[in-house]
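*Asks:* Please find one structure pasted underneath; my questions will follow.
Taken together, the values in this text are just the output of simple stated rules run on the coordinates, not laboratory data. Model, not experiment: these values are computed from the prediction. Positions of Cβ are backbone-derived with ideal geometry, glycine not excepted, and every protein chain shown enters the neighbour counts.
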Amino acid sequence: MDTACIAGLDVGSAFVKSVIMQGGEILSYSISPAGGHFGRSADKVLSEALEKAQRSISDLKVIGAGGLGVHFVAHPYTKVTEISCQSRGTHFLLPTVRTVIEVGNQASRIIKVTEGGRVADSLASDKCAAGSGRVLQIISKVVKVNQRDMGTLSLKSRNPAKFTTGCAVFLETEAISRVAEGTPEEDIIAGLHQALGSRISGLAQRMRIEKDVAVTGGGGKDSGLVKTIERMLGVELLQPEEPLITGAIGAALIAAERAGIQLS
Amino acid sequence: MILAGLDIGSTITKVVIKNAKGVCASVKQPTDAAHRRLANKVMEEALAQAGLSFDQVDFVVATGYGRINVPFADAQVTEITCHMRGINWLFPNVRTIIDIGGQDTKAIKLKDGKLVNFAMNDKCAAGTGRFLEVISDVLGVRLEDIGDLSLRSTQPAEISSICTVFAEQEALLRLSEGYSVEDILAGIHKANASRIYSMVRKVEIEPDLAITGGGAKNAGLCKALEERIGFPVVIPPEPLITGALGAAIIAEEKALRLSEEELKEKHGRRRLEAVTFYDADASIGQNV
């Protein structure tokens, strides 16, 4: 008998992600900007992932879902918290990880993970955008550099610009002033990576991080930020191949477990 | 005696011209990147309004975050002192002032016209005019309209974020849930008022309480603050100029302490500076 096919959805504030899994393996995934339409984007990524996996919605035994816009998911789903999703999904990809640093659009989180992939403890910076991945989006807009290219540029900086404020709104204003003064874009990007990096490492230090440490979420795709955090914390950060889908993987796995579905 | 007060704020530059009887003229303009030239322009406009020439001005006090950039000022005074003096002159019974500016919000506590305590929010955009600017932008309404719009709300939307960036996102989410712009704005004003209130509480609120700065022109925000504070607030007829007014009042005091010769000497020096200062680019060339 075939093993069950399961799906995970992570309806985040910036990106909606979906994965299709079967027999303890990832068959496919799809990522799309949320664009303010959570329901529509969730539908889109699920159909896309199903198509890539050559499965149909009726093949799915269970859908696990989490994230800010989870209520907009039109299909029946098992609701899972974002923290458990991150913990389980990262553990699935990188079993040696004991600390996950998730840099999301809405919040940065430090999650301590048990050997079995469960949440041991967590701490989030979700009251203020200055500690979240949102800063990356703001910088990208100000310096007019694609978010994909910011990491490489940042690593070239020899003289990172200093930023005096802790507020994302005022960081933006300061960055605009630096642009007007002619500060090279790599120095502005590197300076903002430092501002964000010090917020995140400060949070991590409050948790007494344990190795191995992984970085997930959109921030995990920015090599400039990752290197900054590595330097500040003095640890190497493991990066999943696709750092955006750990939450969706976790959602699928937890939903299957709750439904008593054997994965392999 | 003719006195001038300039308040160069982060967002708006204000000038008040005053004589012994009261205010003769007041002008406000958006703060330009080149504060220097703008300060001069706004000053000239105010003088024209009062029918005066710059030579007739006895003393100029500059305040606000751009105060050091006014070469023709005779003295610089912090905006906290200026707001306090301006309000004290307008409303002698006021004990607490909330000044809601473009980039910072201050709470000032005074007793017998003297500063007792103050608290300030300048590290975070929440609770400042900037918060309202960002929100009005995202909702596609003009900043000057959001106060009145929010007063039409019957059921304020829940806005739980303190952070401006997250509140912006929450406002969009409420919009997608079908809330009206009025209801979202009412929720936004409530959130901003509670942020301001928690800062103001640090100086121990005491009546009368006055609201000044750009935020005082927002009727929705003032109502939300009033509800939070629990007693009616006082709002000056022109809440933007209290800092400049205070500066002019301080200018008067300072001028009265000087002898006629000292004042005359100041006039001479100041005029020269003002000439150099007017059209800075052209005069640099001429001087060389």
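*Asks:* From the set of residues in the stretch B:211-251 that are touching a Cys at 6+ places or on another chain (Cβ under 7 Å) and either of a type in the set (S, T, Y) or not in a helix (DSSP H, G or I) (or both), which is surrounded by the fewest Cβ atoms within 10 Å (Cβ to Cβ)?
*Replies:* It comes out as B:I235.
*Asks:* Would you mind telling me which numbered condition in (1) buried (at least 24 other Cβ atoms within 10 Å of the Cβ); (2) within 14 Å of chain A (Cβ to nearest Cβ); (3) touching a Lys or Arg at 6+ places or on another chain (Cβ under 9 Å); (4) not acidic (D, E) B:A125 fails?
*Replies:* (3)
*Asks:* So the check is Cβ under 7 Å with 6+ separation or different chains; which pairs have a first residue in the stretch A:89-115 that's within 14 Å of chain B (Cβ to nearest Cβ) and a second one that's surrounded by fewer than 23 Cβ atoms within 10 Å (Cβ to Cβ) and acidic (D, E)?
*Replies:* A:Q106/A:D126; A:A107/A:D126
*Asks:* Here is a follow-up. Determine if the stretch A:142-149 includes at least one residue that is away from chain B (no Cβ under 14 Å) and touching a residue at least 60 places away in the same chain (Cβ under 8 Å).
*Replies:* yes
*Asks:* With B:D208, B:D148, B:D137 as the choices, which residue is farther than 25 Å from A:V70 by Cβ, surrounded by fewer than 18 Cβ atoms within 10 Å (Cβ to Cβ) and either within 14 Å of chain A (Cβ to nearest Cβ) or without any contact (Cβ under 8 Å) to a residue 24 or more places away in the chain (or both)? First the steps, then the outcome.
*Replies:* On the way: B:D208 fails: either within 14 Å of chain A (Cβ to nearest Cβ) or without any contact (Cβ under 8 Å) to a residue 24 or more places away in the chain (or both); B:D148 fails: either within 14 Å of chain A (Cβ to nearest Cβ) or without any contact (Cβ under 8 Å) to a residue 24 or more places away in the chain (or both).
Only one candidate passes the filter, namely B:D137.
*Asks:* Which of the numbered conditions does A:A214 fail, given that it passes all the others? Conditions: (1) assigned to a strand (DSSP E or B); (2) more than 30 Å from A:C5 (Cβ to Cβ).
*Replies:* (2)
*Asks:* Here's something else I'd like to know. Here is a check on your reading of the model: is B:A167 outside any strand (DSSP E or B), within 14 Å of chain A (Cβ to nearest Cβ), in contact (Cβ under 8 Å) with a residue 40 or more places away in the chain and in contact with a helix residue (DSSP H, G or I) (Cβ under 7 Å, 6 or more places away or on another chain)? Show your work before the answer.
*Replies:* On the way: outside any strand (DSSP E or B): yes; within 14 Å of chain A (Cβ to nearest Cβ): yes; in contact (Cβ under 8 Å) with a residue 40 or more places away in the chain: yes; in contact with a helix residue (DSSP H, G or I) (Cβ under 7 Å, 6 or more places away or on another chain): yes.
Here the answer is yes, as B:A167 does meet what is asked.
*Asks:* A further question follows. What number goes with the only condition from (1) more than 10 Å from chain B (Cβ to nearest Cβ); (2) surrounded by fewer than 20 Cβ atoms within 10 Å (Cβ to Cβ); (3) out of contact with any helix residue (DSSP H, G or I) (no Cβ under 6 Å at 6 or more places or on another chain); (4) not hydroxyl-bearing (S, T, Y) that A:K156 does not pass?
*Replies:* Tallying (1) more than 10 Å from chain B (Cβ to nearest Cβ); (2) surrounded by fewer than 20 Cβ atoms within 10 Å (Cβ to Cβ); (3) out of contact with any helix residue (DSSP H, G or I) (no Cβ under 6 Å at 6 or more places or on another chain); (4) not hydroxyl-bearing (S, T, Y), A:K156 fails exactly one: (3).
*Asks:* Which residue is farthest from the chain's Cα centre (by Cα), if the candidates are limited to the stretch A:170-194 and must be within 13 Å of chain B (Cβ to nearest Cβ) and either buried (at least 24 other Cβ atoms within 10 Å of the Cβ) or small (G, A, S) (or both)?
*Replies:* The selected residue is A:A180.
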